[in-house]
Amino acid sequence: MTAATISGAVALTALVAPAAQAADDPAGTAAKMTPFSAKAPADETVGDTTITKVTVNGNKDVVVGTGQKSFNIYVTATDPSGIYSAGAYLWHGTSLDPDNPDIDGLLYTDADATCDNWSATSATCKITITATSDDLYDSALNGKWNVATWAVGNDADYVETDVYKNHWVKRAASFSGFNAGPEPVAKGKAITVTGTLKRASWTYGAYYGYGSQSVQLQFKKAGSSTYSTVKTITSSSSGYLKTTVTASADGTWRFHYAGNSTSSVADAYDYVDVR
């Protein structure tokens, strides 16, 4: 079932997060740790299980183009009896209340987490999620998502939280047709830099020109490790960019787009030989 088919509390309770097999599940507790479960209320703590850290995609934005994107969530939890399992998923909306849900996006997996029990009381569990076009079916889903988490102790204590933190899920941006030329070029002559800034549409499954965006033209002289901003230009309604500079030294020119709350960072490079 994908996020596109979510409709009402009945559909929501059918969606399940990682759950252990009943035969190995302490008192059946892990089986209750499911998204939108009517059995266990949101933000519930039973006993002394605690979640101490959650890291999504290495604390980097989850950037998705028109294909699949896999990323990891690490949940660190503690319990005096030790940690049995933990899990996490991302959801988009305002409420996970099974009686009155408001959710239009869900990124989760039904695979078990892989847990590293690094002490008698603590463990870090890895959850791998793959976002697909079925999950991100509408470009309006770009932006801030909620991170829900849960953890279960070996003694059946548990904790679950609807919104442990937030995380950005963004549409991939990129450049096409980038060129700095002519090359080689005589010192003092003009270099023309062109390219088109594009952004993925999750709605239509393709990249389209991204207009009215500020893009920096930057230069890194040969032998240097740093870029300097030469000028800032704005993409046309179709995403097209064109500007000229004076050739002064060998080096790499790039367009740098810093991204925004819905779109990723993008860069394009071209080395120019100045003679």
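The values are calculated or read from the model by the stated rules, or taken from the named source; none is laboratory data. Small disclaimer: the values here were computed from a predicted structure and weren't measured. With ideal geometry, Cβ positions are generated from the backbone for all residues, glycine too; neighbour counts draw on all protein chains shown. Areas reflect the complete protein model, heavy atoms only, side chains present, ligands, DNA and RNA absent. Shrake-Rupley method; radii C 1.70, N 1.55, O 1.52, S 1.80 Å.
Just a few scattered comments:
- Tabulated pairs, segment 237-253, first part of a loop (DSSP other than H, G, I, E, B), second among the basic types (Lys, Arg), C-beta under 6 angstrom, 6+ apart or interchain: Gly239/Lys198; Ala247/Lys187; Ala247/Lys189; Ala249/Lys221
- Filter pass, Thr232 being of a type in the set (Ser, Thr, Tyr), open to solvent by less than 60 Å² (accessible area, probe 1.4 Å), closer than 19 Å to Thr252 by Cβ and part of a strand (DSSP E or B): no
- The listed residue being open to solvent by less than 40 Å² (accessible area, probe 1.4 Å), under 31 Å from the mean Cα position of the chain (by Cα) and over 20 Å from Ser264 (Cβ atoms), out of Ala200, Ala151: Ala151
- If the condition is being at pLDDT 95 or above and open to solvent by 50 Å² or more (accessible area, probe 1.4 Å), then segment 131-144 contributes Tyr137, Asp138, Ala140, Lys144.
- Trp118 among the aromatic types (Phe, Trp, Tyr) and assigned to a strand (DSSP E or B): no
- When the test is whether a residue is modelled with pLDDT of 95 or more and surrounded by 13 or more Cβ atoms within 10 Å (Cβ to Cβ), Thr34 does not pass it.
- For Asp116, the stated conditions hold: it is among the acidic types (Asp, Glu) and open to solvent by 10 Å² or more (accessible area, probe 1.4 Å).
- Test result for Thr13, at pLDDT below 95 and open to solvent by 10 Å² or more (accessible area, probe 1.4 Å): yes
- Residue check for Thr45: assigned to a strand (DSSP E or B) and more than 27 Å from Ala258 (Cα to Cα): yes
- Total residues in segment 69-92, condition more than 12 Å from Thr52 (Cα to Cα), assigned to a strand (DSSP E or B) and polar (S, T, N, Q): 3
- Within the option set Gly177, Gly188, Gly211, being of a type outside the set (Val, Ile, Thr), part of a loop (DSSP other than H, G, I, E, B) and open to solvent by 20 Å² or more (accessible area, probe 1.4 Å) holds for one residue only, Gly188.
- Per the listing Asp97, Asp110, Asp135, the residue uniquely touching a helix residue (DSSP H, G or I) at 6+ places or on another chain (Cβ under 6 Å), of a type outside the set (Val, Ile, Thr) and touching a residue at least 12 places away in the same chain (Cβ under 8 Å) is Asp135.
- Among all residues of segment 163-172, there is at least one that is closer than 23 Å to Ala77 by Cα, at pLDDT 95 or above and touching a Leu at 6+ places or on another chain (Cβ under 7 Å).
- Selection from segment 214-229 of residues that are of a type in the set (S, T, N, Q) and loosely packed, with under 14 Cβ neighbours inside 10 Å: Ser214, Ser224, Ser225, Thr226, Ser228, Thr229
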